[in-house]
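Remarks on the structure that follows.
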Amino acid sequence: MSDTSKRIYIFDTTLRDGEQSPGVSLNVEEKLKIARQLARLGVDVIEAGFPIASPGDFEAVRAIAREVEGPVIAGLARISERDIDRAWEALQEAKRPRIHVFIATSDIHLKYKLRMTREEVLAAVRKGVARAKSYCRDVEFSPEDASRSDIDFMCQVLAAAIESGATVLNIPDTVGYATPAEFGHLIAEIRRRVPGIDRVQISVHCHNDLGLAVANSLAAIENGALQVEGAINGIGERAGNTALEELVMALYTRRDYYGCHTGIVTEEIYRTSRLVSSLTGMPVQYNKAIVGKNAFAHEAGIHQDGVLKERTTYEIMNPAMIGLVQNNIVLGKHSGRHALRTRLEELGFKLNEAELDKAFARFKELADRKKDITDRDLEAIVEHEIKQIPEKFVLEHIHISTGNRVVPTATIGLRVGEELMEEAACGEGPVDAAFKAIDKITRIPVCLKSYALNAVTGGKDAVGEVTVKVEYAGRVFIGRGISTDVLEASARAYLNAINKVVYEIGEENLQVLEA
Ligand code: KIV
Ligand code: ZN
């Protein structure tokens, strides 16, 4: 990297703002998995959660603070004493903790949400930032709804935050209202007007309501922002946050223009995207820049011809840069355990012996039904079925009878400890029948909230990947299953969600239905 290239710091909020996406709910173990992967990806800061929000959030921030080394670990707090104290309680064991405090500065938020005057907000900022600073050297302050705030007042607030000890000032476009030129100008004005601004780092946090989050973040960088906040796959409140993979690859691919670099290990991008999508249950749109299924696919004959002759005719990035291994068809039913282990390692999965046994068994089952097992199939096996929680209910067999003139009927066999339990049920369709038969055995009153079926790869023998969301006691649990048979994949996904309910709620606390 040239001496003049500017270092941009990447603040990942997948586990906080990203987890606020509708329908997303991650448990502590899943958050830890994502945090470990974010550390491998090389993000500078992980915002691990909002500790006061719930006991689960608190535990997750504490676990990540204890375990994940490398990045700074941040926890969010409103400007109140209770929030800040709770954030510090969760963060204190981190090697590099940061308390991130925020309060809104726009008149609309002051009047309707906070019911506070500007003077009261100013006083709260002084008090809150100073309190956070009394615990932690590294304090980030955000004036929420900055892009709709009166700039004079916001600059006054920012100056007060610096005087009280803030080390990072984060400027959020909370409702995704700004345009790139406007947002860039806002950053330039803040740099011009706020006393002491040279002592702190300027950060930005953009939402994507108008599809401008990445563009706004880039405009801010051009005007002096050094930290960008965002989430993997751009997940987050409403239309989401700045998609970090897009921002990082824009800075890399157009380094000639931006003159900036990050500390991101770009080869980890694809794996991180898959993990986040798989654990949150939020699919990545096919045409999504960088990590979408079609991002490097060439359909038109002229394009295919061009790429075959010279890749750069139609590709501005090498897919290998984001860790997309395109060596597709590799294993088949004659491949052995050693070949599987080697390929999984090449794909970045390090399994212990028990996990490898399980992966090998599933691989063999799949290879009996599908000639070529692709890298995407292997990823699906590991992500969905291997690194999983303990299973109370294990699918032994499934038999479905269906058609357009018969009542769909399912017979399901589940292993529960040593016992094999079998039930049959009819339903509106074959999936409904299978789920009803499973319900008869588990007797756990879950409510199915969503069901999605995707093909992992192309072809008639493609592996079907099913993701379901079920609700139990007001909480959402995500289950996933794969198989070349979509009904089996559905049953596996449903059982996976139910096993998570058992694991997380605890058998002793479950309310089961009468037999
Ligand atoms: O969007 C927003 O304003 C936020 C703040 C808490 C930084 O998420
Ligand atoms: Zn936000």
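Within the stretch 69-90, being more than 11 Å from ILE46 (Cβ to Cβ) and part of a strand (DSSP E or B) holds for LEU76, ALA77, ARG78. PHE296 fulfils the conditions (1) within 17 Å of the chain's Cα centre (by Cα); (2) open to solvent by less than 50 Å² (accessible area, probe 1.4 Å) except for a single criterion, (1). Starting from the stretch 452-472, take each residue that is surrounded by fewer than 19 Cβ atoms within 10 Å (Cβ to Cβ) and list its partners that are of a type in the set (A, V, I, L, M) and in a strand (DSSP E or B), counting only C-beta distances under 6 angstrom and pairs at least six apart or across chains. Qualifying pairs under 6 Å: LEU453/VAL466; ALA462/ALA455.
For the stretch 187-219, filtered to residues that are within 16 Å of ligand 2 (Cβ to nearest atom) and aliphatic (A, V, I, L, M), the residue that is nearest to ARG254 (Cα to Cα) is VAL214. May I ask you to verify whether ALA123 is free of Cβ contacts under 8 Å to residues at least 40 places away in the same chain and more than 19 Å from the chain's Cα centre (by Cα)? So ALA123 fits the description; yes. Within the stretch 480-492, identify whether any single residue is outside any helix (DSSP H, G or I), in contact with a Ser or Thr (Cβ under 8 Å, 6 or more places away or on another chain) and not small (Gly, Ala, Ser), and answer yes or no. Among the residues of the stretch 480-492, at least one is outside any helix (DSSP H, G or I), in contact with a Ser or Thr (Cβ under 8 Å, 6 or more places away or on another chain) and not small (Gly, Ala, Ser), which makes the answer yes.
For beta carbons closer than 9 Å, sequence separation of 6+ or different chains, a first residue in the stretch 2-31 that is closer than 17 Å to ARG274 by Cα and open to solvent by 20 Å² or more (accessible area, probe 1.4 Å) and a second that is assigned to a loop (DSSP other than H, G, I, E, B) and within 16 Å of ligand 1 (Cβ to nearest atom), the qualifying pairs are GLU19/THR13; GLU19/PHE50; GLU19/ILE235; GLU19/GLY236. All conditions in (1) within 20 Å of the chain's Cα centre (by Cα); (2) over 22 Å from LEU378 (Cβ atoms); (3) without any contact (Cβ under 8 Å) to a residue 40 or more places away in the chain hold for LYS500, with the sole exception of (3). Could you grab me the full set of residues in the stretch 220-273 that are within 16 Å of ligand 2 (Cβ to nearest atom), in contact with a Leu (Cβ under 9 Å, 6 or more places away or on another chain) and in a strand (DSSP E or B)? Across the stretch 220-273, the qualifying residues are VAL228, GLU229, GLY230, ALA231.
Just one of the numbered conditions (1) β-branched (Val, Ile, Thr); (2) assigned to a loop (DSSP other than H, G, I, E, B); (3) farther than 23 Å from ASP368 by Cα is not true of VAL470: (2). Within the stretch 355-377, the set of residues being among the aromatic types (Phe, Trp, Tyr) and either under 21 Å from TYR494 (Cα atoms) or open to solvent by 50 Å² or more (accessible area, probe 1.4 Å) (or both) comprises just one member, PHE363.
Filtered by the rule that a residue be in a helix (DSSP H, G or I), modelled with pLDDT under 85 and more than 21 Å from the chain's Cα centre (by Cα), the stretch 363-383 gives ARG369, ASP375.
Here LEU279 passes the criteria (1) away from ligand 1 (no atom under 16 Å from the Cβ); (2) at pLDDT 95 or above except the one numbered (2). Is it fair to say GLY49 is at positive phi, within 16 Å of ligand 2 (Cβ to nearest atom) and not acidic (Asp, Glu)? Yes: the conditions hold for GLY49. Being within 15 Å of ligand 1 (Cβ to nearest atom), modelled with pLDDT of 95 or more and open to solvent by 30 Å² or more (accessible area, probe 1.4 Å) is a condition met by at least one residue of the stretch 33-52.
Listed here are the residues, each with its yes/no results for (1) within 27 Å of MET282 (Cβ to Cβ); (2) under 30 Å from the mean Cα position of the chain (by Cα); (3) touching a residue at least 12 places away in the same chain (Cβ under 8 Å); (4) in a helix (DSSP H, G or I).
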residue	(1), (2), (3), (4)
ILE389	yes, yes, yes, no
LEU395	yes, yes, yes, no
ILE400	no, no, yes, no
ARG405	no, no, no, no
THR411	no, no, yes, no
ALA425	no, no, yes, no
PHE435	yes, yes, yes, yes
ILE441	no, no, yes, yes
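Within the stretch 386-444, being among the basic types (Lys, Arg) and under 30 Å from LEU32 (Cα atoms) holds for LYS387, LYS392, ARG415. Taking first residues from the stretch 233-252 that are within 15 Å of PRO283 (Cβ to Cβ) and outside the structural domain of ILE171 (by TED's automatic domain parsing) and partners that are open to solvent by 10 Å² or more (accessible area, probe 1.4 Å) and within 14 Å of ligand 2 (Cβ to nearest atom), no Cβ contact under 8 Å between residues at least 6 apart in sequence or on separate chains turns up. Of the helices (runs of 4 or more DSSP H) lying entirely inside the stretch 116-209, those carrying at least 1 residues that are within 16 Å of ligand 1 (Cβ to nearest atom) and open to solvent by 10 Å² or more (accessible area, probe 1.4 Å) are 118-135, 180-193.
For the criterion of being within 16 Å of ligand 2 (Cβ to nearest atom) and more than 24 Å from SER164 (Cβ to Cβ), ILE103 fails.
Here GLU346 clears all of (1) within 18 Å of LEU275 (Cα to Cα); (2) touching a residue at least 60 places away in the same chain (Cβ under 8 Å) except the condition numbered (2). The set of residues in the stretch 378-417 being among the small types (Gly, Ala, Ser) and open to solvent by 30 Å² or more (accessible area, probe 1.4 Å) consists of SER401, GLY403, GLY417.
Among the residues of the stretch 91-112, those identified as within 14 Å of ligand 1 (Cβ to nearest atom) and in a loop (DSSP other than H, G, I, E, B) are THR105, SER106.
The single condition among (1) more than 16 Å from ligand 1 (Cβ to nearest atom); (2) touching a strand residue (DSSP E or B) at 6+ places or on another chain (Cβ under 7 Å) that TYR252 does not meet is (2).
The values are calculated or read from the model by the stated rules, or taken from the named source; none is laboratory data. Computed from a predicted structure; not experimentally measured. Cβ coordinates were reconstructed from backbone atoms using ideal geometry, including for glycine residues, and neighbour counts include every protein chain displayed. Calculation scope for accessible area: heavy atoms of the full protein, side chains included, ligands and nucleic acids excluded. Shrake-Rupley method; radii C 1.70, N 1.55, O 1.52, S 1.80 Å.
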